[in-house]
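*Asks:* Can you keep this structure in mind? I'll have questions shortly.
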Amino acid sequence: SDHMENIYGYLMKYTNLVTGWQYRFFVLNNDAGLLEYFVNEQSRHLKPRGTLQLAGAVISPSDEDSHTFTVNAASGEQYKLRATDAKERQHWVSRLQICAQHHTEAIGKNNPPLKSRSFSLASQGSASSPGVQRRPSQSAVSFFSVGHHRLPSGKRVPSMQPDHLIDVREMMSQAEGQQRDLIRSIECLPASGHLTSLDQDLLMLKATSMATMNCLNDCFHILQLQHASQQKGSLPAGTTISWLEPKASLANHFKNGAAQNFPAEINKPASVREEQSIAEPCQLTREPEEINPDEEVEDICDDKEDDLGAVEEQRSVILHLLSQLKLGMDLTRVVLPTFILEKRSLLEMYADFMSHPDLFIAITNGTTPEERMIRFVEYYLTSFHEGRKGAIAKKPYNPIIGETFHCSWRIPKSEVATNAGSNSSAHSPSEQVILSKEVEGQTELDYYTVKFVAEQVSHHPPVSGFYAECVERKMCVNAHVWTKSKFLGMSIGVTMVGEGLLSLLEHGEEYTFSLPCAYARSILTVPWVELGGKVNINCVKTGYSASINFHTKPFYGGKLHRVTGEVKQNATNTVVCRVQGEWNSVLEFTYSNGETKYVDLTKLPVTRKRARPLEKQGPFESRRLWQHVTESLRDGDIDKATEHKRALEERQRNEERLRAETETPWCTKYFLKEGDGWVYHKPLWKTASAVQTQQMDIN
């Protein structure tokens, strides 16, 4: 391959707390599958100071900054390295990953194959099955000493034949049985006293023993891949050896890791049976529904997530979860325990980012392109604080495909005028007379209305589309987001892949923007949310752009939630505004004229959204769809919440399986696929142009 060339150069290597980071000269030897380093380039002809085998290694960019990455060898040794910039890091990471993949696949191609019979440890039968029965003479000590006997010098190690692998498989089955006995013994300990089942050391022992068995299963899985590659001649192009997914649904583990048995179908609550029996969504009406804002009422829900609650009580479940995850594992298909969930859907979380609609409407009131770009940046940076419900990092519900969420906001025009400054009203006196109609003692359209709709348009990959508009101010925003989550050790990273488009029809301007990554940190103690990454906002027509950096906390020192940014005029490369501060606290805006403005996000007024009551919502609207899960979480009944959640997920899987069997494509309700993105079926820029065309025809 063209990408398999040897590369070399200087990188910084983290040694220890005393010596810290040191420059070292690194060489990637693709032929040998080795990463070597020397003190400097001049000592390259000498013996390397260190060497890592890349076969089976995991190379991961760090979430600390854009320069650092780690190389985790199969032996357990780790190099923590830092490049000079993000581009150089990507160059090293991609070359190392290609080399590691190549040599990992070579293991499968070059080693002796197994017999045609396939062995799997992913699911074992009962203790009475032959694969789980133990030899009385074999103890744990004798098992774990397998493979440590020295061979006489000069004798070749015989290649392992299938019969030997059968013995190894049986030994592994015995080890799994011993590990289950260990777990059972720990869980049988009393809940209080000198040694309890919640002892931190014992919980860690449970987690590490589970991780050990999973690693052994992964090794056996690689041997199966060897067998498959020998049968086919070689692995298909681009194939990588992936780690095994968790062996069981993690949501099944409660109360110190024990499996919870749920009642039979006939004993399930009526609400669960209803969730499982709702018809196939595509068989329901998929025609877009016009939501009447007059049916919506002001939201009274205020589910702040400031209490650890069940998270503190279910520490052993979190340890069990971590024991089943691998560094860099995609969490899209991993079933997470219910007690870490927020009481809202991801679709509603996107709506909560619009909790300052007065600032949103004020964007179009800017008198110049420069002012409008700066106002958009101000609105953008104030949206994330209210989007997070409380200080504790919890996860919103994964939306079901076809799920929708509708809401709106009403903003008195006087408030927008105060916040927007000059040019607060775009209506002429004649228009104001036409729009003034008395309704319930109040002048209609004394307020602006911002409507919002979101839909889960895809399940794999999980993609959401959302759209908001203010017809009176002739502005709308359309976005699609693919949430990619990965396990990063003691944190979880979520990349928001996608793009948003803000349209100011009054000015003929379009602003494209992206979203930062989110990280759930300290998942074993008190989890908290951090944003990271670079975001760009651009308006092609005006030539103004903004670059915003969400800074993750450095390994040592540094502030939390720091954000910096600047707004530029691209033609002259002139910075017209700089911003710094914290995205959840105080932001400081410094303008080109020397003025400074401070925005305290904790004191900004929040406009409550308006939504239809549950009885008026459709069966696939978020709050009605998840109502039983939400009610159970509010009541603190985790088991019941899990039962309702599982019913929804099982129904989704059954529907997906049925569509695959009948080759029936999924039909969305409000969003249409356009290229790589999703666009609202009736965006304001289309309806406005249609009205203009109609008026021209009349004239």
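The values are calculated or read from the model by the stated rules, or taken from the named source; none is laboratory data. Because the structure is a prediction, the values reported are computed rather than measured. Note that we place each Cβ from the backbone using ideal geometry, even for glycine, and neighbour counts take in every protein chain shown. To get the accessible areas, we keep the full protein, side chains included, count just its heavy atoms, and leave off ligands, DNA and RNA. Shrake-Rupley method; radii C 1.70, N 1.55, O 1.52, S 1.80 Å.
*Asks:* Would you pick out the residues in the range 56-87 that are among the charged types (D, E, K, R) and either part of a strand (DSSP E or B) or within 20 Å of Gln101 (Cβ to Cβ) (or both)?
*Replies:* Once the filter is applied, which keeps residues that are among the charged types (D, E, K, R) and either part of a strand (DSSP E or B) or within 20 Å of Gln101 (Cβ to Cβ) (or both), the range 56-87 yields Glu77, Lys80, Arg82.
*Asks:* Let me ask something additional. Output the qualifying pairs, or none if there are none: Cβ atoms under 9 angstrom, residues six or more apart or on different chains, first residue in the range 659-687 and free of Cβ contacts under 8 Å to residues at least 24 places away in the same chain and in the same structural domain as Val471 (by the TED database), second residue assigned to a strand (DSSP E or B) and open to solvent by 50 Å² or more (accessible area, probe 1.4 Å).
*Replies:* Listed by first residue and then by second, the contacts come to Asp676/Glu499.
*Asks:* I would also like to ask the following. Just to verify a result, which residue in the range 621-674, among those that are open to solvent by less than 30 Å² (accessible area, probe 1.4 Å) and among the charged types (D, E, K, R), is farthest from Arg344 (Cα to Cα)?
*Replies:* Arg659
*Asks:* Something else now. Is it the case that Glu649 is of a type outside the set (Lys, Arg) and either closer than 20 Å to Asp352 by Cα or in a helix (DSSP H, G or I) (or both)?
*Replies:* It is true that Glu649 is of a type outside the set (Lys, Arg) and either closer than 20 Å to Asp352 by Cα or in a helix (DSSP H, G or I) (or both).
*Asks:* What number of residues in the range 186-211 are open to solvent by 70 Å² or more (accessible area, probe 1.4 Å) and among the small types (Gly, Ala, Ser)?
*Replies:* Number satisfying all stated conditions: 2.
*Asks:* Consider Gly558 carefully, then state whether it is part of a strand (DSSP E or B) and of a type outside the set (D, E, K, R).
*Replies:* no
*Asks:* While we're here: What number of residues within the range 450-497 are in a strand (DSSP E or B), more than 15 Å from Leu672 (Cα to Cα) and either assigned by the TED database to the domain that holds Val58 or not hydrophobic (A, V, I, L, M, F, W, C) (or both)?
*Replies:* 8
*Asks:* OK, next. Step by step: first the residues of the range 499-519, then only those that are closer than 16 Å to Asp676 by Cβ and either modelled with pLDDT under 85 or open to solvent by 30 Å² or more (accessible area, probe 1.4 Å) (or both), then the one that is nearest to the chain's Cα centre (by Cα). Which residue is that?
*Replies:* Here the answer is Leu515.
*Asks:* Restricted to the range 573-584, and to residues that are open to solvent by less than 90 Å² (accessible area, probe 1.4 Å) and not aromatic (Phe, Trp, Tyr), which residue is modelled with the lowest pLDDT?
*Replies:* In this case the residue turns out to be Asn584.
*Asks:* Among the residues of the range 20-64, write down those that are within 30 Å of Lys553 (Cβ to Cβ), free of Cβ contacts under 8 Å to residues at least 24 places away in the same chain and either open to solvent by 50 Å² or more (accessible area, probe 1.4 Å) or among the aliphatic types (A, V, I, L, M) (or both).
*Replies:* Scanning the range 20-64 gives Gln22, Tyr23.
*Asks:* Further question: Only one of Tyr467, Tyr380, Tyr397 is surrounded by 21 or more Cβ atoms within 10 Å (Cβ to Cβ) and at pLDDT below 90. Can you tell me which?
*Replies:* Testing whether each residue is surrounded by 21 or more Cβ atoms within 10 Å (Cβ to Cβ) and at pLDDT below 90 leaves just Tyr397.
*Asks:* State all residues of the range 65-92 that are over 23 Å from Leu531 (Cα atoms), hydrophobic (A, V, I, L, M, F, W, C) and buried (at least 18 other Cβ atoms within 10 Å of the Cβ); if no residue qualifies, say none.
*Replies:* Val71, Ala73, Trp92
Each row is one residue, and each column tells you yes or no for (1) in contact with an Asp or Glu (Cβ under 9 Å, 6 or more places away or on another chain); (2) under 20 Å from Asn398 (Cβ atoms).
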{"residue": "Gly594", "(1), (2)": "no, no"}
{"residue": "Thr607", "(1), (2)": "yes, no"}
{"residue": "Pro613", "(1), (2)": "yes, no"}
{"residue": "Ser622", "(1), (2)": "yes, yes"}
{"residue": "Trp626", "(1), (2)": "yes, yes"}
{"residue": "Glu631", "(1), (2)": "yes, yes"}
{"residue": "Cys667", "(1), (2)": "no, no"}
{"residue": "Phe671", "(1), (2)": "yes, yes"}
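*Asks:* Now for a separate question. On the given criteria, is Gly9 within 21 Å of Ala86 (Cα to Cα) and at pLDDT 90 or above?
*Replies:* Here the answer is yes, as Gly9 does meet what is asked.
*Asks:* Listed residues Glu582, Glu621; which is touching a strand residue (DSSP E or B) at 6+ places or on another chain (Cβ under 8 Å) and within 30 Å of Arg375 (Cβ to Cβ)?
*Replies:* The conditions single out Glu582.
*Asks:* Turning to a different aspect of this structure: So which pairs qualify, if the first residue must be in the range 582-600 and farther than 22 Å from Lys568 by Cβ, the second must be surrounded by 15 or more Cβ atoms within 10 Å (Cβ to Cβ) and charged (D, E, K, R), the Cβ gap must be under 7 Å, and the two must be at least 6 apart or on different chains?
*Replies:* Within 7 Å, the pairs are Glu582/Arg562.
*Asks:* Given Glu370, Glu415, which one is within 30 Å of Asn593 (Cβ to Cβ), modelled with pLDDT under 85 and part of a helix (DSSP H, G or I)?
*Replies:* Result of the check over Glu370, Glu415: Glu415.
*Asks:* What about Leu531, is it in a loop (DSSP other than H, G, I, E, B) and modelled with pLDDT under 95?
*Replies:* When the stated conditions are applied, Leu531 does not pass them.
*Asks:* Take Ala73 and tell me if it is of a type in the set (A, V, I, L, M) and within 25 Å of Cys517 (Cα to Cα).
*Replies:* no
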